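Worksheet for the structure shown next.
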């Protein structure tokens, strides 16, 4: 390389120590500023010249960097959103939710539902508790969950979700901001309701609705008076409600509010300043057991001491609720493990992009060796060369960041649809641009540090004699980095395949019921005594096979309970099992396509069926009942078994099938309609016509069982889709690096390839020559990645009671895929070398 006089002049100026020669004297500060400006200007010129000169490799570096940075930015936004839940309450650091940890006969469970009297007992008996309050969010009774809403002076009902019962004290504890009304009295009176601003604008536009009346489910005898309007709860709050019904003066059944034997309330406490939450665990146990013991003794509960010893109370910070996946309740939708996983993938993607930069920079070291040698001959110091190469790295990083911002803007809407979020880049925040600039600088410096030190240490004598090469030691480093890239790729491919197959297994697993063409009509409870005539009318529609009154559905999110069940007469001798107790009508099993393995279903014509029950196979096994038909069990009273239904999954396949007891019922808020038709739209139209004849002022609301089933796994499937998408990006970035590296290797061996071609080498032989070393590294990667991938996915699958096996073929397929990608990438370069005219590569010899 021949250096111009101007470049030599710049090199001398840039490397002249400050304060020497012409820069001494009073003008030294000004001269130093001029020197630094000149030096930086020179470095930028050289950096831009290198970008233009090496367009192909610069494009790979910038493209990989940009893709990695854009991906990291999206993942950072997502992680920030997931970790921002419930962080804005004024007393948030002192707010806790109570939960009970159960360890009972080999089963572990963390339950947030507490007895109605728990909150008041904690406030009265624990001086560390400043305030306590409750929410009743579970759709067990009219009010919580969803309702038909009608404002006063209106005649049309509107279906609304997002209802929960709440104590006035809890409103004070959370200090929810108010739009209308006084927060300290909004729920203080019986039969009051607190609504969100968006619902106030919907039903009472432009006015203050405090004092106005709302009717729920067309019940004109028990109106709710609006006690206040709260600001809309933010999307990053676990309190996902628009309506809070007061618990003041409310009793769901006689004696319910002082009961310790039912558990339907989420209980919260506000601790006094400086009180550590762990200090209360033992004290809460004492309070609960002190009230629970006499209640159980009075109820005749067996195994009292065993039950008391199995339950321990704890406090969960409100800010942890969203991500605490192992404390099961309907409010928690996040999973801290996925946050960590996505964070790790984001770091890996950025690492892969940085490895591409390092590999390509060091691989092309021989091409810049003469430049470094000449600069040292004319006086450049090593520190100056390091600064120059770091400037080049920073220029690449800044270009990549600009491109990454554009990519992030394009990818963000796609990501929001994939993740079901509404993330946005906070351009108006003052800290964003400085943070992005700092990140770009940090990434540029860290990625360019090793190449800068490596390139700047070449000795001029060795370089000018042509004795410099990329070096075996540095080739080994590049090999290690390539192994890291492909190890990561194999792990991500295995994880993607396992996640996809588990999701397919879940969606296609035989669940013990038929989820296809089952229409669920919601809000039918308002028909009251007209429910049975409505059911009979539906059965007259052609294409309707069966109809059932069915509040209890075999999918998560339906009504749930847990009741201790025994063999009748042996309560004080034999152990019990916790069983789901559902009230259903005689057509339930038929409508949902379940299978009776013994006995029969209920009948309204048999009087004794009021105490008859149908149980599932799991209950029979756990109680050890032989020949169950006619045998008696005890839950709240003695019941006789008239039928046994085959096990069916009624919760996520994360859990094993539990015991179920079906009782005969004649009322429900949901009507299930089993169809057998090719024209569902026409049948829905007929169902709507029947509905209108019974409830002209209420719109037909319905969903389908297969949709409810899909929603059970929506979060897990969504996380899997996000992981798969970003794993694919990571593999693309790794392939970009391999593509650039193989292109450089082909360029370095152009003369050798030219000679071999002249001597008759085929394209396949040239491809084999180029790919041999890379394939060896890929095989090493597969060997390293396989046990790591197996361990990680085995741990993930343990969360599912029903799961796939991780077959050897998955690792073989992942390895084959990586080998294929490597071969395709390298073969492209081999093909270019094969069709090139060998004269061009040999004419310099």
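The values are calculated or read from the model by the stated rules, or taken from the named source; none is laboratory data. On a predicted model such as this, the values are computed, not experimentally measured, just so you know. As a convention, Cβ positions derive from the backbone with ideal geometry for all residues, glycine included, and neighbour counts pool all protein chains shown.
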(message) I'm trying to understand the selection: among the residues of the stretch 756-791, which are touching a helix residue (DSSP H, G or I) at 6+ places or on another chain (Cβ under 6 Å) and over 11 Å from residue 487 (Cα atoms)?
(response) 757, 758, 763, 766, 767, 770, 771, 774
(request) Answer yes or no: is there a residue in the stretch 414-421 that is part of a loop (DSSP other than H, G, I, E, B) and within 30 Å of residue 716 (Cα to Cα). (result) yes
(request) Name the one entry in 302, 317, 273 that is loosely packed, with under 12 Cβ neighbours inside 10 Å and either at pLDDT 95 or above or over 29 Å from the mean Cα position of the chain (by Cα) (or both). (result) 273
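Table: residues versus (1) in a strand (DSSP E or B); (2) in contact (Cβ under 8 Å) with a residue 24 or more places away in the chain; (3) surrounded by 18 or more Cβ atoms within 10 Å (Cβ to Cβ).
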site	(1), (2), (3)
110	yes, yes, no
116	no, yes, yes
150	yes, yes, yes
156	no, yes, no
162	yes, yes, yes
170	no, yes, yes
(request) Residue by residue through the stretch 710-723, note down the ones that are at pLDDT 85 or above and either crowded, with 18+ Cβ neighbours inside 10 Å or not assigned by TED's automatic domain parsing to the domain that holds residue 495 (or both). (result) 722, 723
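Report yes if residue 787 is farther than 30 Å from residue 62 by Cα, in the same structural domain as residue 346 (by TED's automatic domain parsing) and either in contact (Cβ under 8 Å) with a residue 60 or more places away in the chain or surrounded by 14 or more Cβ atoms within 10 Å (Cβ to Cβ) (or both), otherwise no.
no
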(request) Could you tell me whether any residue of the stretch 413-420 is closer than 22 Å to residue 48 by Cβ, modelled with pLDDT of 85 or more and exposed (fewer than 15 other Cβ atoms within 10 Å of the Cβ)? (result) no
(message) I need the full set of residues from the stretch 130-148 which are out of contact with any helix residue (DSSP H, G or I) (no Cβ under 8 Å at 6 or more places or on another chain) and touching a residue at least 60 places away in the same chain (Cβ under 8 Å), in order please.
(response) 136, 137, 138, 139, 140, 141, 143, 144, 146, 147
(request) Being part of a helix (DSSP H, G or I) and exposed (fewer than 12 other Cβ atoms within 10 Å of the Cβ) is the filter here, so list the residues in the stretch 790-810 that pass it. (result) 791, 795, 808, 809
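Surrounded by 16 or more Cβ atoms within 10 Å (Cβ to Cβ) and either within 27 Å of residue 80 (Cβ to Cβ) or over 28 Å from the mean Cα position of the chain (by Cα) (or both): does that describe residue 377?
Taking the combined requirement at face value, the residue does not satisfy it.
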(message) Which condition from (1) more than 30 Å from residue 508 (Cβ to Cβ); (2) touching a residue at least 24 places away in the same chain (Cβ under 8 Å) is the one that residue 799 breaks?
(response) (1)
(request) Output the residues belonging to the stretch 503-518 that are in a loop (DSSP other than H, G, I, E, B) and modelled with pLDDT of 90 or more. (result) 512, 513, 514, 515, 516, 517
(request) Output yes when any residue across the stretch 741-755 is at pLDDT 80 or above and either more than 30 Å from residue 526 (Cβ to Cβ) or surrounded by 17 or more Cβ atoms within 10 Å (Cβ to Cβ) (or both), and no when none is. (result) yes
(request) Tell me the helices (runs of 4 or more DSSP H) entirely within the stretch 1-95 that contain at least 1 residues that are touching a helix residue (DSSP H, G or I) at 6+ places or on another chain (Cβ under 9 Å), modelled with pLDDT of 75 or more and assigned by TED's automatic domain parsing to the domain that holds residue 741. (result) 55-82
(request) List every residue pair whose Cβ atoms lie under 6 Å apart, where the two residues are 6 or more positions apart in sequence or sit on different chains, the first residue falls within the stretch 235-264 and is outside the structural domain of residue 210 (by TED's automatic domain parsing) and more than 15 Å from residue 113 (Cβ to Cβ), and the second residue, located anywhere, is at pLDDT 85 or above and surrounded by fewer than 18 Cβ atoms within 10 Å (Cβ to Cβ). (result) none
(message) Being in contact with a strand residue (DSSP E or B) (Cβ under 6 Å, 6 or more places away or on another chain), at pLDDT below 95 and under 24 Å from residue 792 (Cβ atoms) narrows it down to one residue among 336, 355, 327; which is it?
(response) 327
(message) Within the stretch 652-667, does at least one residue satisfy the condition of being within 24 Å of residue 512 (Cβ to Cβ), over 38 Å from the mean Cα position of the chain (by Cα) and modelled with pLDDT under 95?
(response) yes
(message) Checking residue 642 against (1) at pLDDT below 95; (2) buried (at least 17 other Cβ atoms within 10 Å of the Cβ), only one condition comes out false. Which one?
(response) (1)
(message) If a residue counts only when it is within 20 Å of residue 825 (Cα to Cα), which helices (runs of 4 or more DSSP H) contained entirely in the stretch 681-789 have at least 1 such residues?
(response) 714-748, 750-758
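Restricting to the stretch 596-648, what's the tally of residues that are assigned to a loop (DSSP other than H, G, I, E, B) and under 44 Å from the mean Cα position of the chain (by Cα)?
Result for the stretch 596-648: 12.
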(message) Residue pairs, Cβ under 8 Å, 6 or more apart or interchain, first in the stretch 424-447 and surrounded by 12 or more Cβ atoms within 10 Å (Cβ to Cβ), second outside any helix (DSSP H, G or I). List them.
(response) 432/425; 432/426
